[in-house]
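The values are calculated or read from the model by the stated rules, or taken from the named source; none is laboratory data. All of these numbers come straight from a predicted model, not from anything done at the bench. Using ideal geometry, Cβ is built from the backbone for each residue, glycine included, and neighbour counts are taken over all protein chains shown.
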Ligand SMILES: Cc1cc2nc3c(=O)[nH]c(=O)nc-3n(C[C@H](O)[C@H](O)[C@H](O)COP(=O)(O)OP(=O)(O)OC[C@H]3O[C@@H](n4cnc5c(N)ncnc54)[C@H](O)[C@@H]3O)c2cc1C
């Protein structure tokens, strides 16, 4: 490390209070780690971890860092799956966890929240107002609203039904890299038209600013009717999704699938009898129970044309709870049992089946490892294919893990390029800098670099992410 840690610790303490600054090695290690399946190296270690309590604190930290050209990495909960959560260079890590103020204004049609509030807690707080939070990651209990808006991920929801969380953001308060505070957007429920800064900052992955307050529309919470459908093969579900778009059917709020392997794992994990093949689950949303029922029946009629083994509306909430959680449990089980190497393929919808078959083929025929298993699940109605290489062991050398990760990433991203996809969650930089160049070419990448330079001339924020990592 090149910086004087004691000096940085003292300077930051003077700005935000000693109890909110940490320079000890165990804390630094905890913030250097993320979900990536390889080891922390010395250049990932923070100089200091700082936990600001408000916007003025964030501003003071950034002004300090900017004057000394010290990198700053913003940390929500660090649950990003593609390396966004790990500092790429020694940096001050700015943890937003204390910034959890929430004000709900039903009479204005919006709420305002600090970036550090966990999604699950925010959803609970909105429940008495019958408001929907349009963000559904599997990491809901711990992921922050700031991290989710910085990535602009709606996660499980079908985009054609619910769009992205950024579409509901009315305005932001952010701190720019030099410490200036900027307010964007509107207090009206009418969103601004035309060129407007909120649009650049939502989804900017911590590269352009630190988000310190988010104003979001209160969306009426829909009622839902839930459907489960069993199929012999995953391919049958892919046919259904392609037909749904081709025929212009109203899309469900959620449309998830488990392939033949993960359905067995997931169902067993929640105490349900293992199904014979692949499973699809959908939630239809509407304002009234009658509306939900009508939509679900219409959708069941449509499903009947696609040769399911069986499909029905799930009336029992406990049964639905188990079916729904089997999706998350399949992933959890594999994480516990061994090593998983994931991908995110989001092809043009008319190429969904071809893209799936190519993804499976690539993952079952890796050069970097022989004998891995394949399983897949995901938000197929979106459409997102998560294809995973699974090895039932955690004892794999670091360099082999890196090689598998790189090979899975490169080959599945080539499928995205081939079939017009880009990735609909998890964010676009960190792991995907190479992909951006392949998909869009040098002009686009150069544009992103110039955008970054305009906001952050000294490259203070999340240094290393846009440059690409491994
Ligand atoms: C079990 C599990 C399931 C998951 N499921 C999904 C899923 O279904 N879909 C999905 O998209 N993701 C999923 N994720 C990934 C991750 O949880 C989400 O992307 C989440 O939105 C990240 O939130 P976070 O608070 O952990 O952000 P972090 O990982 O801390 O940060 C993510 C990025 O945002 C930046 N950032 C964070 N806060 C701010 C801020 N206030 N201002 C500016 N930049 C900021 C960071 O610098 C970083 O670049 C999952 C992760 C796990 C572990």
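For region 80-103, does any single residue satisfy the condition of being away from the ligand (no atom under 14 Å from the Cβ), surrounded by fewer than 17 Cβ atoms within 10 Å (Cβ to Cβ) and under 20 Å from residue 211 (Cβ atoms)?
Looking only at region 80-103, we keep the residues that are away from the ligand (no atom under 14 Å from the Cβ), and these are 90, 102-103.
Within this subset, residues satisfying the condition of being surrounded by fewer than 17 Cβ atoms within 10 Å (Cβ to Cβ) are 102-103.
Those still in the list that are under 20 Å from residue 211 (Cβ atoms) too: 102-103.
Yes; the residues of region 80-103 include at least one that is away from the ligand (no atom under 14 Å from the Cβ), surrounded by fewer than 17 Cβ atoms within 10 Å (Cβ to Cβ) and under 20 Å from residue 211 (Cβ atoms).
Filtering region 129-181 to residues that are within 12 Å of the ligand (Cβ to nearest atom), at pLDDT 95 or above and assigned to a strand (DSSP E or B) leaves 136, 144, 157, 172, 173, 174, 175.
With respect to residue 378, determine if the residue is surrounded by 15 or more Cβ atoms within 10 Å (Cβ to Cβ) and in contact with a strand residue (DSSP E or B) (Cβ under 9 Å, 6 or more places away or on another chain).
Details: surrounded by 15 or more Cβ atoms within 10 Å (Cβ to Cβ): yes; in contact with a strand residue (DSSP E or B) (Cβ under 9 Å, 6 or more places away or on another chain): yes.
It is true that residue 378 is surrounded by 15 or more Cβ atoms within 10 Å (Cβ to Cβ) and in contact with a strand residue (DSSP E or B) (Cβ under 9 Å, 6 or more places away or on another chain).
How many of the residues in region 440-456 are touching a residue at least 24 places away in the same chain (Cβ under 8 Å) and either more than 16 Å from the ligand (Cβ to nearest atom) or outside any helix (DSSP H, G or I) (or both)? Break it down stepwise before answering.
Going residue by residue through region 440-456, those that are touching a residue at least 24 places away in the same chain (Cβ under 8 Å) are 451-452, 455-456.
From what is left, the residues that are either more than 16 Å from the ligand (Cβ to nearest atom) or outside any helix (DSSP H, G or I) (or both) are 456.
So the answer is 1.
Scanning region 414-439 for residues that are assigned to a loop (DSSP other than H, G, I, E, B), more than 15 Å from the ligand (Cβ to nearest atom) and touching a helix residue (DSSP H, G or I) at 6+ places or on another chain (Cβ under 6 Å) gives a single hit, 419.
Is it the case that some residue within region 233-252 is outside any loop (DSSP other than H, G, I, E, B), in contact (Cβ under 8 Å) with a residue 60 or more places away in the chain and within 16 Å of the ligand (Cβ to nearest atom)? Break it down into steps so the answer makes sense when it comes.
As a first pass, look at region 233-252 and keep what is outside any loop (DSSP other than H, G, I, E, B): 234-246.
Next, only the ones that are in contact (Cβ under 8 Å) with a residue 60 or more places away in the chain stay: 234-246.
Narrowing the set further to residues that are within 16 Å of the ligand (Cβ to nearest atom) leaves none.
For region 233-252, residues outside any loop (DSSP other than H, G, I, E, B), in contact (Cβ under 8 Å) with a residue 60 or more places away in the chain and within 16 Å of the ligand (Cβ to nearest atom): absent.
I'd like the full set of residues that are surrounded by fewer than 20 Cβ atoms within 10 Å (Cβ to Cβ) and within 19 Å of the chain's Cα centre (by Cα), limited to region 104-131. The answer is 120, 121, 123.
Residues in region 62-71 include at least one that is within 16 Å of the ligand (Cβ to nearest atom) and closer than 25 Å to residue 171 by Cβ.
Looking across region 24-44 at every residue that is touching a helix residue (DSSP H, G or I) at 6+ places or on another chain (Cβ under 8 Å) and crowded, with 19+ Cβ neighbours inside 10 Å, the one that is farthest from residue 74 (Cα to Cα) is identified as 36.
Of the set (1) free of Cβ contacts under 8 Å to residues at least 60 places away in the same chain; (2) closer than 16 Å to residue 217 by Cα; (3) part of a loop (DSSP other than H, G, I, E, B), all apply to residue 122 but (3).
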